[in-house]
Amino acid sequence: MIRSAILGASGYVGGELLRLLARHPGIEAARLFGDSKAGQRLGVVHPHIGGPTGAIEVERFSLEALDGIDLVFAALPHGESQKWAEAILATGAKLVDLGADFRLHDQQDYATWYGEAHAAPHLLDRFVYGIPELHRDAICSAQAVAAAGCYPTATILALKPLIDAGLVESNSLIVDAASGVSGAGRAVKEGTAFNTVDGSFAAYGLLNHRHTAEMEQALGATVLFTPHLAPMTRGILATCYATAAREMTADEPLEALRAAYADEPFVRVSDAPPATKWVTGSNGAVVSARYDARTKRVLALGAIDNLGKGAAGQMIQCANLMFGLDEAAGLSAEGVFP
Ligand SMILES: NC(=O)C1=CN([C@@H]2O[C@H](COP(=O)(O)OP(=O)(O)OC[C@H]3O[C@@H](n4cnc5c(N)ncnc54)[C@H](OP(=O)(O)O)[C@@H]3O)[C@@H](O)[C@H]2O)C=CC1
Ligand SMILES: CC(=O)N[C@@H](CCC(=O)OP(=O)(O)O)C(=O)O
């Protein structure tokens, strides 16, 4: 059994990692770290986790606690893992980091979009960007993976094959994406309180959301990205528009997606517009696309569970590849519907 440690085990992503690892045949959650909830039993912090794991106490992180650990999952607030990454990698453990610290390859981009200098720019090259459908071979041989952000995962899966196939003008991408409220993390905030969100639908982060940089890096394109907060707990739906590079049949973008994802275990191409509820609780992504001859635009859609393919599921998918396990180990659950 591969022994993993979870940094941020008391958060939403940590809880989802624990739920998925409980059924994983090859990776166990051996050490669990938190911050303000250190000292509490896991069954109290995450009442949905039962069994023996529920009795484990959340610890405060120390490097010594990584003794005998093969794999570290980091699900920490942005800026935290860059303080620890070098020391973690020096233990020989593999690291899958979900924060944004190591997703951008260029330290100047990081400073621009995150508003501060990177504390460990010399490590940026050691991290492979963690979307297996894009970088499977590199992930297989990596010691460190920076799992992709939630909005970028939905967007990149919907658009990348269309760019690669030369169907869209890469300087014309517009992405409107909506997220469930769990995407904002577990801490109590006025902007994500029930009375703020219930019965409402709002855009935020206009023109400057940090995920824009990640999308642009992965797509090699210019993106106008507008995130929205939707009154639901889980799910992301990215609706993407691009100027068509040429005339094509209405279904040609859909065929490009089918060709790109024919052998992918987690990406499904759908004729019908995808819904977030199709992937709730799973590591699935559903994508679709059309060409509109009237406006000469291509429309593409991507739906994921922000905590699944947008976070914990993708982290485990990457870890499976890094350890030569079955890529789908622990991730076979279908979505929960209705
Ligand atoms: N939620 C989502 O859908 C997605 C989240 N992400 C990213 O994953 C990361 C985790 O997200 P999420 O689980 O939602 O966040 P939460 O706020 O729910 O959890 C954060 C976790 O980090 C711990 N923590 C906070 N500050 C520190 C610190 N200074 N040192 C050590 N541990 C600390 C918290 O401990 P404690 O609770 O004990 O204080 C908690 O376990 C973030 O970077 C987020 O942006 C990425 C994709 C999707
Ligand atoms: C709904 C909501 O607030 N979502 C978060 C993004 C989700 C996230 O955790 O960001 P990373 O993927 O970069 O880690 C936000 O817009 O800041």
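The values are calculated or read from the model by the stated rules, or taken from the named source; none is laboratory data. Remember, predicted model here, so these are calculated numbers, not experimental data. Backbone-built Cβ (ideal geometry, glycine too); neighbour counts: all protein chains shown.
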* Read through the list (1) more than 16 Å from ligand 1 (Cβ to nearest atom); (2) within 20 Å of residue 275 (Cβ to Cβ), then give the number of the only condition that residue 247 fails. => (2)
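Residues 125, 176: which one is assigned to a strand (DSSP E or B), surrounded by fewer than 23 Cβ atoms within 10 Å (Cβ to Cβ) and modelled with pLDDT of 95 or more? Can you show your working first?
Working: 125 fails: assigned to a strand (DSSP E or B).
Checking each option against the conditions leaves just 176.
Run down 302, 324, 284, 335 and say which single residue is touching a helix residue (DSSP H, G or I) at 6+ places or on another chain (Cβ under 6 Å) and away from ligand 2 (no atom under 16 Å from the Cβ).
It is 335.
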* Asked: Within the stretch 11-49, how many residues turn out to be small (Gly, Ala, Ser), under 18 Å from residue 185 (Cα atoms) and more than 16 Å from ligand 2 (Cβ to nearest atom)?
  -> 3
* To do: Give the stretch 142-169 a look and list any residue that's in contact (Cβ under 8 Å) with a residue 60 or more places away in the chain, of a type in the set (Gly, Ala, Ser) and more than 16 Å from ligand 2 (Cβ to nearest atom), or say none.
  => 142, 158, 165, 166
* Asked: Taking the stretch 182-219, which residues are acidic (Asp, Glu) and in a loop (DSSP other than H, G, I, E, B)?
  -> 198
* To do: Could you please let me know if residue 168 is farther than 24 Å from residue 35 by Cβ, more than 20 Å from the chain's Cα centre (by Cα), within 16 Å of ligand 1 (Cβ to nearest atom) and in the same structural domain as residue 269 (by TED's automatic domain parsing)?
  => no
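In the stretch 220-263, what residues are farther than 28 Å from residue 16 by Cα, part of a helix (DSSP H, G or I) and of a type outside the set (D, E, K, R)? Quick ask: steps written out before the conclusion?
Quick first cut of the stretch 220-263, residues farther than 28 Å from residue 16 by Cα only: 220-224, 241-260.
Pick out the ones that are also part of a helix (DSSP H, G or I) and you get 252-260.
253, 254, 256, 257, 259, 260 - these are the residues of the stretch 220-263 that are farther than 28 Å from residue 16 by Cα, part of a helix (DSSP H, G or I) and of a type outside the set (D, E, K, R).
One line per residue, one yes/no per condition, for (1) more than 29 Å from residue 266 (Cα to Cα); (2) among the aromatic types (Phe, Trp, Tyr); (3) free of Cβ contacts under 8 Å to residues at least 12 places away in the same chain; (4) surrounded by 23 or more Cβ atoms within 10 Å (Cβ to Cβ):
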site: 50; (1), (2), (3), (4): no, no, yes, no
site: 56; (1), (2), (3), (4): yes, no, no, no
site: 62; (1), (2), (3), (4): yes, no, yes, no
site: 65; (1), (2), (3), (4): yes, no, no, no
* the stretch 1-15 residues that are more than 19 Å from residue 308 (Cβ to Cβ) and in contact (Cβ under 8 Å) with a residue 40 or more places away in the chain, paired with ones that are of a type in the set (Asp, Glu) and assigned to a loop (DSSP other than H, G, I, E, B) (beta carbon under 7 Å, 6 or more apart) -> 2/70; 3/70
